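First comes the structure, then the notes that go with it.
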Amino acid sequence: MNNLIVSQQFASNLTEEEISKAFSKALSEKSLVGPEDAALMFYDLSFLERRIRQMQDLFPSDTLHAIALKANPLVNMLAKTKALGAGVEVASFPELFLAEKAGFAPSAIVFDSPCKTRQEIEYALQAGISLNADSFDELDRIAELMNNISSESIIGLRVNPQAGTGSISSTSVGGVFSKFGIPLNDQRERILEYYLKYDWLQGIHLHTGSQGCPLPLLVEGIRRVMNLAEEVNESLLLNERQNRITTFDMGGGLPVSYQTGETVPTMEQYLQALRSACPGLFSGNFKLVTEFGRYIYANAGWVASKVEYVKKERDHHIVMTHVGADLFLRKCYNPADWHHRISVVDKDGNLKTGTAKCKYTVAGPLCFAGDILASGIELPMVEEGDYLLIHDAGAYTFGMWSRYNSRQMPAVLGYTTEDYSFETLKQRESRESLLDFWT
Ligand SMILES: Cc1ncc(COP(=O)(O)O)c(C=O)c1O
């Protein structure tokens, strides 16, 4: 497919008209939204598919796109991404279990965790699941296990490129110090020694950070690690060694837009920048792996949450609604770094666009003062029974679901915009399952 056409056709966010249209269609199907569904999560599956196809079209065709499971752990969604030809990146052993349950082949799973136990490593090696070691100690553990296992796993090493940090410190992992990976500048010699020492070490991995990392920083991280990979391969050749780094895992991190009018880099721009700064990536000498999460899911998902009350206290208009820090953990605990646009629709899903706007605080249902989704935002007049549509909520939301106050996780519905057919990706959490969790 022509890459230029792909990116021109591709909008970065769903508009409020698009999501309110989908919501009114869902409301009109009586069996979809019941009286207990005070909040619901939706995915535009057509948008999601376009994002995945675009990524596949832009990268070399043999690239493994291991989509970060933490961004969206729904098993039904994993099965959909698998059907579209994607792989999956897992950051814990339970995530590995979910990936297997969703049907991913071992060769399509990349196991990244900074805290793998011996048993977990052994399992991955035996199953032929790729894994990236986070430290020299982990490499030595793998070496012990490899004495007794003949494994088909691609084993890589996570390197911290030490290229710098982005604007959000809690999601930046490519600075001078990071809890992840082996720092490239500090340990260059030792890294080379390890590639000479272990001939099964054939992959290299980095992830500079997520959201808040500008494109030049992401590219610089990859450039540094590509230079290292090429240096390692030259050194192995000089030492007449047979092994080479053949897999280059560039992580994820492409930022998305959460604000109206915000300009974020496109996947196409990312590829252009990589082609010019790191031509080695496209030399054919490396099989590429990507680990995008937010870019795939964030803009495809949105939440509808009923307005239960509108309180007026002094100068404040407070909208009380059914999601808060349970679903939007990052926004509520770190409000300066995160943002979600909010639109208002009436009880039938009709978009409210009235000019009579008022400033609102949008508060969730949880029992703590920080459970605030937005402060001082201008919205059309909000009334009891309306719904708030919370945009760009498809990544790192229910994956970070908080059990505080024992709220039941809302149902998740998917739809296609071809015919607005809806499917249930996850049922609303039952009281029994809640009880199971706490028992
Ligand atoms: C190792 C690794 N890979 C991939 C990702 C996905 O990043 P993003 O969702 O920003 O693309 C993360 C996010 O934390 C990560 O830590």
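The values are calculated or read from the model by the stated rules, or taken from the named source; none is laboratory data. Nothing here was measured: the structure is a model prediction, and the numbers come from that model. Ideal geometry is used to build each Cβ from the backbone, glycine not excepted, and the neighbour counts take in all protein chains shown.
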M77 being surrounded by 15 or more Cβ atoms within 10 Å (Cβ to Cβ) and closer than 30 Å to L281 by Cβ: yes
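Residues are listed down the side, and each one gets a yes or a no for (1) modelled with pLDDT of 95 or more; (2) assigned to a loop (DSSP other than H, G, I, E, B); (3) within 16 Å of the ligand (Cβ to nearest atom); (4) under 24 Å from the mean Cα position of the chain (by Cα):
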{"site": "S178", "(1), (2), (3), (4)": "no, yes, yes, yes"}
{"site": "R188", "(1), (2), (3), (4)": "yes, no, no, no"}
{"site": "L192", "(1), (2), (3), (4)": "yes, no, no, no"}
{"site": "I204", "(1), (2), (3), (4)": "yes, no, yes, yes"}
{"site": "G212", "(1), (2), (3), (4)": "no, yes, yes, yes"}
{"site": "L236", "(1), (2), (3), (4)": "yes, no, no, no"}
State which residue is farthest from Y387 (Cα to Cα) when the search covers only segment 313-336 and only residues that are outside any loop (DSSP other than H, G, I, E, B) and under 18 Å from the mean Cα position of the chain (by Cα). R330
Scan segment 403-424 residue by residue and report those that are over 14 Å from A26 (Cα atoms) and hydrophobic (A, V, I, L, M, F, W, C). M409
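Filter segment 343-370 for residues that are closer than 30 Å to L78 by Cα and touching a strand residue (DSSP E or B) at 6+ places or on another chain (Cβ under 9 Å) and give the result.
S343, G349, G364, P365, listed by residue number.
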Any residue that is at pLDDT below 95 and in contact with a Ser or Thr (Cβ under 7 Å, 6 or more places away or on another chain) - is there at least one of those in segment 283-302? no
Residue, farthest from P73 (Cα to Cα), within segment 401-426, restricted to residues that are hydrophobic (A, V, I, L, M, F, W, C) and surrounded by 17 or more Cβ atoms within 10 Å (Cβ to Cβ): F422
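Looking for whichever is within 16 Å of the ligand (Cβ to nearest atom) and not basic (K, R) here; the options are Q242, Q269. Which one fits?
After ruling out the rest, the residue left standing is Q269.
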Of all residues in segment 217-229, count the ones that are out of contact with any Leu (no Cβ under 9 Å at 6 or more places or on another chain) and within 16 Å of the ligand (Cβ to nearest atom). 1
Out of D371, D348, D419, D436, report the one residue that is closer than 30 Å to G253 by Cβ and of a type in the set (D, E). D371
Might you check whether a residue that is within 30 Å of K82 (Cβ to Cβ), among the hydrophobic types (A, V, I, L, M, F, W, C) and within 13 Å of the ligand (Cβ to nearest atom) occurs anywhere in segment 145-155? no
Go through segment 18-50 and give me each residue that's hydrophobic (A, V, I, L, M, F, W, C), out of contact with any strand residue (DSSP E or B) (no Cβ under 7 Å at 6 or more places or on another chain) and within 24 Å of A83 (Cβ to Cβ). F47, L48
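Could you please let me know if Y270 is in contact (Cβ under 8 Å) with a residue 40 or more places away in the chain and either of a type in the set (D, E) or closer than 16 Å to A298 by Cβ (or both)?
yes
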Test result for E432, exposed (fewer than 12 other Cβ atoms within 10 Å of the Cβ) and in contact with a helix residue (DSSP H, G or I) (Cβ under 8 Å, 6 or more places away or on another chain): no
Criterion first (out of contact with any Leu (no Cβ under 6 Å at 6 or more places or on another chain) and under 14 Å from L40 (Cβ atoms)) does I377 satisfy it? no
Would you check which residues across segment 275-297 are in contact with a helix residue (DSSP H, G or I) (Cβ under 9 Å, 6 or more places away or on another chain) and within 15 Å of the ligand (Cβ to nearest atom) and list them? L288, T290, F292, G293, R294, Y295, I296, Y297
State which residue is nearest to A143 (Cα to Cα) when the search covers only segment 94-120 and only residues that are small (G, A, S) and more than 16 Å from the ligand (Cβ to nearest atom). S107
Only residues that are buried (at least 18 other Cβ atoms within 10 Å of the Cβ), touching a Cys at 6+ places or on another chain (Cβ under 7 Å) and outside any strand (DSSP E or B): list them for segment 365-382, please. D371
Scanning segment 383-419 for residues that are of a type in the set (F, W, Y) and assigned to a loop (DSSP other than H, G, I, E, B) gives Y396, W401
